[in-house]
Amino acid sequence: MDFTLTSLAGLAAEGFDTIIDVRSPSEFAEDHLPGAINLPVLDDAERARVGTIYTRQSSFLARKIGAALVARNAAAHLEGPLAEMPGGWRPLVYCWRGGQRSGAFATILSQVGWRVARLEGGYKAWRRLVVAQVQDSPVPSPVIVLDGNTGSAKTEILAGLHARGLQTIDLEGLANHRGSLFGAMPGGQPSQKAFEGRLALALAALDPGRPVVVEAESSRIGNLALPKQIWAAIRAAPRVRIAAPAAARAAYLARSYADLTADRARLESVIGCLRRLHPAERIEGWLRLAAAGAFEALAGELMVLHYDPRYEKHRARHRPEREVVIETAELTPEALPGLAARVAAAVAELARGPAATRAAASR
């Protein structure tokens, strides 16, 4: 039977036991439906071979060879990953556009006796819904941006807001990147399509009647571009800005980037990427600080000489109509819960409208 996906939430609501992507491993690696497993009926080399035969020899020969490969791979899956599946197992199978690959595998599974469904339109049906959510539809909730210069603990404060029950979207978490040149995370970033899929699900889950807080970002997080609707909402949104002294921010950065400072070669490589933006003697000074383990001093200089001027230049071009500034002297682990509480209060004031914002700013 065919299953038609009409909303991003519809997949989870349907309650399939397993979602099976039968596309090649490279197609699956680029993006796939949430929670899907990859049981390819043609691997990358086999898919290329069949495609070449189709275009250079004949479609009949390609289908005949493809059918043999699909049958062989399906048998391996039945004897391997699917060997212990019970009689009542209910999988959803999909390929690129719901055609021959998923149709062939679904037929085999149904002949076993499993209650298999095939996704009508395949992965492309899912992708259309993602694009509609992130590129064509406005963000469903009013957006409030959590702002502050580098080292203001915005990501941890955002997590604190979530723990307090506020709606949040952690864009850097979805992108697996901390948003700066030094922000690479273990595992690397997802593909652009996979990032958009994660974001689409987060947006679809929002309660439109409540604001959503996101961290201030540029139009890119690492190598990934923010889709136009969320980027437009960020630029137009009111802001809560954390204002902390450079010393407190430097201490916070040295603590939160311990993974980077522990890898001297990687740290030196990232500093080297700044050579085109700063004099050679400054770069050498930063490398000496890194070699000496003076990470707070290094973070302080990077903020004052590199990041803060860029923040201020960007802020001058895009001044928000409404903003609440929260000053703090400390960004220690002990101080962050109280700071998150103050930010939550400011978010509530911004959500109530301009009059509340003016009252908050005057305090």
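The values are calculated or read from the model by the stated rules, or taken from the named source; none is laboratory data. These figures come from a predicted structure and were not determined experimentally. Glycine gets a Cβ as well: all are built from the backbone with ideal geometry, and neighbour counts include every protein chain shown. Areas reflect the complete protein model, heavy atoms only, side chains present, ligands, DNA and RNA absent. Shrake-Rupley method; radii C 1.70, N 1.55, O 1.52, S 1.80 Å.
Taking amide H as placed 1.01 Å from N in the peptide plane, the amide H of GLY148 sits under 5 Å from that of ILE242, each at least 5 places away or on another chain. The phi-based Karplus calculation (6.51 cos²θ - 1.76 cosθ + 1.60; θ = phi - 60°) puts the 3J(HN,Hα) values of region 22-35 at 9, 6, 5, x, 5, 5, 5, 5, 5, 5, 7, 5, x, x Hz, whole numbers, x for Gly and Pro.
Remark: region 100-110, residue by residue, has Karplus-estimated 3J(HN,Hα) of 5, 5, 6, x, 5, 5, 5, 4, 4, 5, 5 Hz, where x stands for each Gly or Pro and the curve is 6.51 cos²θ - 1.76 cosθ + 1.60 at θ = phi - 60°. The distance from the alpha carbon centre of region 78-147 to that of region 261-280 is 43 Å, rounded to a whole number.
Per residue, the chain exposes 48 Å² of solvent-accessible protein surface, assessed with a 1.4 angstrom probe and all protein chains in place. Note on the chain: GNM, Cα springs under 10 Å; of VAL343, VAL93, VAL304, the largest mean-square fluctuation is that of VAL304. Please label the shape of region 269-349 as rounded, prolate or oblate, based on the square roots a ≥ b ≥ c of the eigenvalues of the alpha-carbon gyration tensor (a/c under 1.5 means rounded; beyond that, a/b larger than b/c means prolate, else oblate). Oblate, since a/c reaches 1.5 and b/c is not below a/b.
Shown in residue order for region 343-348 are the 3J(HN,Hα) couplings computed by the Karplus curve 6.51 cos²θ - 1.76 cosθ + 1.60 at θ = phi - 60°: 5, 4, 5, 5, 4, 4 Hz (x for Gly and Pro).
Note on LEU61 and ALA48: the extension gain reaches 3.3 nm, defined as 0.36 nm multiplied by sequence separation minus the Cα-Cα distance. Shape verdict for region 181-266, please, from the Cα gyration tensor: rounded (a/c under 1.5), prolate (a/b greater than b/c) or oblate. Oblate shape, in that a/c is at least 1.5 and b/c is the bigger or equal ratio. Search the structure for amide H atoms under 5 Å from the amide H of VAL212, placed 1.01 Å from N in the peptide plane, and list their residues when 5 or more places away or on another chain. Amide H neighbours of VAL212: VAL143, ILE144. Given R0 = 35 Å, the distance between the Cβ atoms of ARG276 and ARG210 translates into a calculated FRET efficiency of 0.20.
Database remark: amide H of PHE3 closer than 5 angstrom to the amide H of ARG118, LEU119, GLU120 (H placed geometrically; neighbours at sequence offset of 5 or more, or on other chains; Pro and chain starts carry no H).
Of the residues LEU109, LEU61, LEU171, the one that moves most in a GNM of the chain with alpha-carbon contacts below 10 Å is LEU61.
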